[in-house]
Amino acid sequence: MTIAVFLGSLMGAMAVGMPIAFALMICAIALMWHMGVFDTQIVAQNMIVGADNFPLLAIPFFLLAGEFMNAGGLSRRIVNFALAWIGHRHGGLGYVAIIASVIMASLSGSAAADTAALAAILIPMMREGGYNVPRSAGLIASGGIIAPVIPPSIGFILFGVAANVSISRLFLAGIVPGLLMGLALAVAWWIVARHDNVKPFPRQTMRERLRTSADAFWALLMPVWILGGIRFGIFTPTEAAVVAAVYAFLVGAFIYRELKFSEVYALFLNAAKTTAVVMFLVAAAVVSAWLITSANIPAEIGGLIQPFMDNPLILMFVMMALVLVVGTALDFAPTVLILTPVLMPIVKQAGIDPVYFGVLFILNNAIGLITPPVGIVLNVVCGVGRISMTDVIRGVHPFLLAQVGVLILLILFPQIVLVPLEFLR
């Protein structure tokens, strides 16, 4: 009955168009009413505690870093760098999109921001070059979802706070899976685009390539600073976010000189608006998480999947299938914040490494960003590229299957995540 109250109140509130944060609060109030402990102070206190968390400070600064990157010319130079080296190959712009997606994922951690930047630069070029535009948009959207997996990742920060798992270890564990996502996209693009009649870019001379690489040097150095600083303990992930924002500002304003001081206020405002939405969502999710635990919902769900508890492999398949289905209906952050308190007790009881589960959980939620009907990243590509949703959904299919293939591979071979983590420790 408790699970029915939880799901009924949450889905009912969402069905009438209520924002996710308010739907979570309605869900929490319904659980309190069902348990007979209704008290508005529980809501207020848990919301304050939920937002008052030091690691969450990384979110506004990583978002701000993304704004500075796009306005300061860092994103464009990363695309030019990839274009100089492989743009002349058959289907070269697709490989450019993949390489740029991986590099930019290691800078901002925001799937929507990275996708918007790449779509604005590459879709017009791909359209002019005779590429299949819906398929190209699907590739760019699929590349954008690498951002929540390769550090620095806002998704790992949310999961780490909600599950009380080391964010630094999550960051390090996400490197190899994120690179595998890029490799899977490259293979899928080679398969679907090898027979296309497209116009390749002229091969650049070595001097031109080196000049473009030198121009992109400061942009490419940014992930080295961030990941190196975290790996060697120079700063925490939260402090790394501040370093990223300051670095992107200094490079954009004083080295590339494309970031104008008159734009800074608007960029701060954009980052603040997005941060406000995320933080309010986190605060509301903490209330429902507290009540989910109090109502013993994880134990009830654990009872439903008890037959799989003795086999971690099958249990992981069951949980990932659940997350994949939920991700088609919910956005990234709500899925992370709702399911983490439900699934983590089951994960610990089954003896599954929380960091390993966290990487697969975030990767799975990232896939939800390109699955209809919600698919926030699909909406971003549609808006920026001026393409219909129907066309983008059709074009994203082969790349969606490639990313699901990576997820299945990681479920079957946990060592892919765990062994590099031990090496990088």
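Would a scan of the stretch 48-63 turn up a residue that is at pLDDT 80 or above and crowded, with 24+ Cβ neighbours inside 10 Å?
Yes: one or more hits.
Among the listed residues 69, 11, identify the single one that is assigned to a helix (DSSP H, G or I) and either more than 22 Å from residue 342 (Cβ to Cβ) or among the basic types (Lys, Arg) (or both).
Testing whether each residue is assigned to a helix (DSSP H, G or I) and either more than 22 Å from residue 342 (Cβ to Cβ) or among the basic types (Lys, Arg) (or both) leaves just 69.
Take the stretch 347-366 and flag every residue that is part of a helix (DSSP H, G or I), of a type in the set (A, V, I, L, M, F, W, C) and farther than 16 Å from residue 154 by Cβ.
Across the stretch 347-366, the qualifying residues are 347, 355, 357, 360.
Considering only the stretch 338-355, I want to know if a residue exists there that is in contact with a Ser or Thr (Cβ under 9 Å, 6 or more places away or on another chain), closer than 26 Å to residue 286 by Cα and among the polar types (S, T, N, Q).
no
Cβ-Cβ under 8 Å, sequence separation 6+ or interchain: first residue in the stretch 191-210 and more than 14 Å from residue 133 (Cα to Cα), partner in a helix (DSSP H, G or I) and of a type in the set (Ser, Thr, Tyr). Which pairs?
Short answer, once both residue conditions are applied: 204/212.
Among the listed residues 337, 267, 259, identify the single one that is part of a loop (DSSP other than H, G, I, E, B), in contact (Cβ under 8 Å) with a residue 60 or more places away in the chain, outside the structural domain of residue 9 (by TED's automatic domain parsing) and touching a Leu at 6+ places or on another chain (Cβ under 9 Å).
Being part of a loop (DSSP other than H, G, I, E, B), in contact (Cβ under 8 Å) with a residue 60 or more places away in the chain, outside the structural domain of residue 9 (by TED's automatic domain parsing) and touching a Leu at 6+ places or on another chain (Cβ under 9 Å) holds for just one of 337, 267, 259, which is 259.
So, in the stretch 346-358, how many residues would count as being farther than 20 Å from residue 167 by Cβ and either in contact with a helix residue (DSSP H, G or I) (Cβ under 6 Å, 6 or more places away or on another chain) or surrounded by 17 or more Cβ atoms within 10 Å (Cβ to Cβ) (or both)?
Number of matching residues: 2.
Hey, any hits in the stretch 96-115 for a residue that's touching a Lys or Arg at 6+ places or on another chain (Cβ under 9 Å), modelled with pLDDT of 80 or more and part of a helix (DSSP H, G or I)?
No; the residues of the stretch 96-115 include none that is touching a Lys or Arg at 6+ places or on another chain (Cβ under 9 Å), modelled with pLDDT of 80 or more and part of a helix (DSSP H, G or I).
Which one of 146, 140 is surrounded by 21 or more Cβ atoms within 10 Å (Cβ to Cβ), of a type in the set (A, V, I, L, M), assigned to a loop (DSSP other than H, G, I, E, B) and modelled with pLDDT of 90 or more?
Only one candidate passes the filter, namely 146.
Among the residues that make up the stretch 108-130, is at least one of them surrounded by fewer than 21 Cβ atoms within 10 Å (Cβ to Cβ) and among the basic types (Lys, Arg)?
yes
So, residue 44, is that one touching a helix residue (DSSP H, G or I) at 6+ places or on another chain (Cβ under 6 Å) and part of a helix (DSSP H, G or I) or not?
Considered against the rule, which asks whether it is touching a helix residue (DSSP H, G or I) at 6+ places or on another chain (Cβ under 6 Å) and part of a helix (DSSP H, G or I), residue 44 comes out as no.
Looking only at the stretch 369-379, count how many residues are surrounded by fewer than 24 Cβ atoms within 10 Å (Cβ to Cβ) and assigned to a helix (DSSP H, G or I).
Residues in the stretch 369-379 being surrounded by fewer than 24 Cβ atoms within 10 Å (Cβ to Cβ) and assigned to a helix (DSSP H, G or I): 2 in total.
Anything in the stretch 1-14 that is at pLDDT 75 or above and surrounded by fewer than 12 Cβ atoms within 10 Å (Cβ to Cβ)? List them, or say none.
4
Any residue that is in a helix (DSSP H, G or I) and buried (at least 19 other Cβ atoms within 10 Å of the Cβ) - is there at least one of those in the stretch 228-235?
The answer is yes, given that some residue of the stretch 228-235 is in a helix (DSSP H, G or I) and buried (at least 19 other Cβ atoms within 10 Å of the Cβ).
For the stretch 296-309, check the following and say yes or no: at least one residue is over 16 Å from the mean Cα position of the chain (by Cα), part of a helix (DSSP H, G or I), at pLDDT 75 or above and farther than 22 Å from residue 19 by Cβ.
yes
For the stretch 194-212, does any single residue satisfy the condition of being touching a Gly at 6+ places or on another chain (Cβ under 8 Å), assigned to a helix (DSSP H, G or I) and surrounded by 14 or more Cβ atoms within 10 Å (Cβ to Cβ)?
no
The values are calculated or read from the model by the stated rules, or taken from the named source; none is laboratory data. The model shown is predicted, which means the values in this text are computed figures rather than measured ones. Please note: Cβ atoms are built from the backbone with ideal geometry, for glycine as well, and neighbour counts cover all protein chains shown.
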